[in-house]
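Notes follow once the structure below has been shown.
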Amino acid sequence: MSAPAPPSGRLAVYPGSFDPLTNGHVDIILRGAHLFDRILVAVLVNADKAPLFSAAERVEIVREVFREYPNVDVDTFDGLLVEYARRKRASVIVRGLRAVSDFEYEFQMALMNRHLEPSLETVFMMPAEQYTYLSSRLIKEVFSLGGQVRGLVPPLVEARLRATSASPRPVSSEGGSV
Ligand code: PNS
């Protein structure tokens, strides 16, 4: 069933919005970096949404947080994930599973992606228990209401959140704040 890994090793793509990157995401990326030869964090450029951080800012954050991990890379993508993975010659999609509530959506996506590209395998990983309740949406909500997010996001993300609240930015149609 399995074809040999490409010469450069087994590449896993970890797609998501990462708006912002949380310590749950960081945990999954580290697990992926141990499991696969390379892990490519693929930041979705979503024209329909108005993200807090632009795609370029989200890429910059991931790049900085994983500066010392040579097998962690970051990129943006739009369009179909399977097409992007094919272009990158990835063999695996990594997704984090926090709770049973994630399962149905993730199950549907994994099977749809398999339908579209049978050679691409989705691998689910559980983050450490202390991050199972974390989501980017909750981080943004808690922070915007004055709650403490220290320990839940990398220090760089916390600093960026503070910077955005110090000078609220108008939102562009694509990549978030301008
Ligand atoms: O963690 P998120 O933000 O919920 O990530 C969702 C993501 C980016 C994995 C999903 O929306 C996606 O793959 N979008 C790309 C478009 C696509 O391929 N859609 C079909 C998925 S079955």
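Read-outs: derived from the displayed coordinates by stated rules, not from any lab. Computed from a prediction, not measured in an experiment: that's the story for all the values here. Quick reminder, even Gly has a Cβ in these numbers, built from the backbone with ideal geometry, and neighbours come from all protein chains shown.
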Check your understanding: Roughly what % antiparallel, to the nearest 5, for the DSSP beta bridges in the chain?
Key -> 5 percent
Check your understanding: Taking only C-alpha pairs under 8 Å that are 6+ residues apart, what is the relative contact order of the chain in percent?
Key -> 32 percent
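Ignoring everything except DSSP H segments at least 4 long, calculate the 222 nm mean residue ellipticity for the chain; use -39,500 (n - 2.57) per segment, divide by total residues, nearest 500.
On the way: 6 runs with 70 residues, N = 178.
It lands at -12000 deg cm²/dmol.
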Review point. Among F107, F18, F77, which one moves the most in a GNM of the chain with springs linking Cα atoms closer than 10 Å?
Key: F107
Review point. Quick one: length gained pulling M109 to T76 fully straight, 0.36 nm per residue minus the C-alpha distance?
Key: 10.0 nm
Check your understanding: Amide H neighbours of M126 under 5 Å, counting only residues 5+ apart in sequence or on other chains, H built in-plane at 1.01 Å?
Key -> L97
**Study point:** Alpha carbon convex hull of the stretch 11-166, projected area averaged over orientations, nm²
**Key:** 9.1 nm²
Exercise for review: Starting from the Cα of A56, step 7 Å along the direction of its Cβ; do the same at Y133; then give the gap between the two resulting points in nm.
Suggested key: 3.7 nm
**Study point:** Projected label distance in nm at H34 and Q148, using a 7 Å step from Cα toward the beta-carbon
**Key:** 2.8 nm
Practice item. Between Y84, Y105, Y133, find the one with the highest GNM mean-square fluctuation for the chain; connect C-alpha pairs within less than 10 Å. Key: Y105
